[in-house]
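**Student:** Structure incoming, see below.
The values are calculated or read from the model by the stated rules, or taken from the named source; none is laboratory data. Nothing here was measured: the structure is a model prediction, and the numbers come from that model. When we count neighbours, we look across all protein chains shown, and the Cβ atoms used for this are built from the backbone with ideal geometry, even at glycine.
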Ligand SMILES: Cc1cc2nc3c(=O)[nH]c(=O)nc-3n(C[C@H](O)[C@H](O)[C@H](O)COP(=O)(O)OP(=O)(O)OC[C@H]3O[C@@H](n4cnc5c(N)ncnc54)[C@H](O)[C@@H]3O)c2cc1C
């Protein structure tokens, strides 16, 4: 049954964060808007985000929090629809929220509050939404585009691709947006799973078999990325915010370095402890820093024997401090798109107007959100990019 309008001003493919935001903004300008999604419900990633509480933005959002081949591309959209604009929208809808850490704003209740906000805005804008609709083809017309779908054919003046990246295919992620971009001759910046846990080799996992569930603050560094946050040992390897963040900088075969006591120089600290508590055992003193399990593991792994501190010479303590301070690791890999929060790379921004998100070579064709080669850090930045890029397009489509 052809359940769709045959002609519409704006057709948006993808009813996720960016697609719904763009629909609301365009509809409120009086444009007729239709949003299509192949999934059985809208905003699935929003629903699962932030551990069910959606980290919907970050108070400190700035262009430095994003990766892209062109780091300037995101500036215009982020400046014209800021985190404060989205926070005002959240407050307009009476959604309670709080700052968890580092400017990260989360819903007090559940992520569904954000989906409900977007749906209410779309309703007010009279934007139509259809789920369970697969897109069969996209063809350029003299003016506008013709899109064939499982629910019928639609002609539109503006076509907005908001189909996101490749992460979590079980949630409906596909490479559709990249295929459309290629169809129109656009380049795709090679894609990679990012904000993703590391996996470790079997032998290393055996050495860490008592550690899954243990966490500690670290500074994780790789290439130009360095992040001071928590690290978590898992059954497959390493996770936690510091690891997810640094994964965006990691390439196969590279080493990642962890400062396991980022707030102090361990050699100096141990020397001071020896002065204050000469009879205390090394492992007892270290339990002031790390859990018992971690202390046992680090000492065994580095072949350090625990004795009363007074029995270590100064050079010995300095060597132990240096050994315990840093951990270098070459991860076996990552958990890949199966669990990655985002996809690095995507539609090359060279082909896109940073003011409107319109394709420079194909008027009326827009790309917004994660499908573009703009990827945020962990902490609410990816949703802010979805809101900002969607708003930029919504104002002109
Ligand atoms: C587990 C998890 C937790 C996250 N938590 C956070 C967080 O707390 N804060 C944060 O800022 N970011 C978070 N992210 C990242 C964030 O969810 C994304 O960056 C954001 O959703 C991207 O918005 P988007 O609209 O571009 O794409 P999406 O939200 O992914 O929406 C794309 C839509 O397109 C549809 N679609 C895909 N292919 C097709 C097709 N072929 N035909 C029709 N429809 C299609 C999909 O069904 C989907 O509805 C998280 C991601 C994951 C996976």
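**Student:** Being away from the ligand (no atom under 12 Å from the Cβ) and touching a strand residue (DSSP E or B) at 6+ places or on another chain (Cβ under 8 Å) narrows it down to one residue among 365, 372; which is it?
**Tutor:** 365
**Student:** Identify, by number, the condition in (1) within 16 Å of the ligand (Cβ to nearest atom); (2) assigned to a helix (DSSP H, G or I); (3) in contact with a helix residue (DSSP H, G or I) (Cβ under 6 Å, 6 or more places away or on another chain) that residue 397 doesn't meet.
**Tutor:** Here residue 397 meets the rest and fails (2).
**Student:** Taking the condition away from the ligand (no atom under 16 Å from the Cβ), modelled with pLDDT of 95 or more and part of a loop (DSSP other than H, G, I, E, B), does residue 319 pass?
**Tutor:** Spelling it out, it is not the case that residue 319 is away from the ligand (no atom under 16 Å from the Cβ), modelled with pLDDT of 95 or more and part of a loop (DSSP other than H, G, I, E, B).
**Student:** Being surrounded by 14 or more Cβ atoms within 10 Å (Cβ to Cβ), at negative phi, more than 23 Å from the chain's Cα centre (by Cα) and within 13 Å of the ligand (Cβ to nearest atom) narrows it down to one of 118, 159, 105, 146, so name that one.
**Tutor:** Just one listed residue meets the conditions, 159.
**Student:** Now for a separate question. Out of the residues in the range 131-143 that are within 13 Å of the ligand (Cβ to nearest atom) and in a loop (DSSP other than H, G, I, E, B), which is surrounded by the most Cβ atoms within 10 Å (Cβ to Cβ)?
**Tutor:** Filtering first and then ranking leaves 133.
**Student:** Might you check whether a residue that is closer than 20 Å to residue 348 by Cα and either assigned by TED's automatic domain parsing to the domain that holds residue 380 or at pLDDT 95 or above (or both) occurs anywhere in the range 77-91?
**Tutor:** Yes, the conditions are met somewhere in the range 77-91.
**Student:** So how many residues does the range 297-315 have that are free of Cβ contacts under 8 Å to residues at least 24 places away in the same chain and part of a loop (DSSP other than H, G, I, E, B)?
**Tutor:** So the answer is 5.
**Student:** Sort out which residues of the range 44-88 are in a helix (DSSP H, G or I) and buried (at least 19 other Cβ atoms within 10 Å of the Cβ), and write them in order of number.
**Tutor:** Answer for the range 44-88, where residues must be in a helix (DSSP H, G or I) and buried (at least 19 other Cβ atoms within 10 Å of the Cβ): 44, 45, 46, 49, 50, 65, 77, 78, 83, 86.
**Student:** Find the residue count for the range 29-43, including only residues that are within 7 Å of the ligand (Cβ to nearest atom) and part of a strand (DSSP E or B).
**Tutor:** 1
**Student:** Right, next: Within the range 347-360, track down each residue that is over 14 Å from residue 158 (Cα atoms) and assigned to a loop (DSSP other than H, G, I, E, B).
**Tutor:** 348, 353, 354, 355 - these are the residues of the range 347-360 that are over 14 Å from residue 158 (Cα atoms) and assigned to a loop (DSSP other than H, G, I, E, B).
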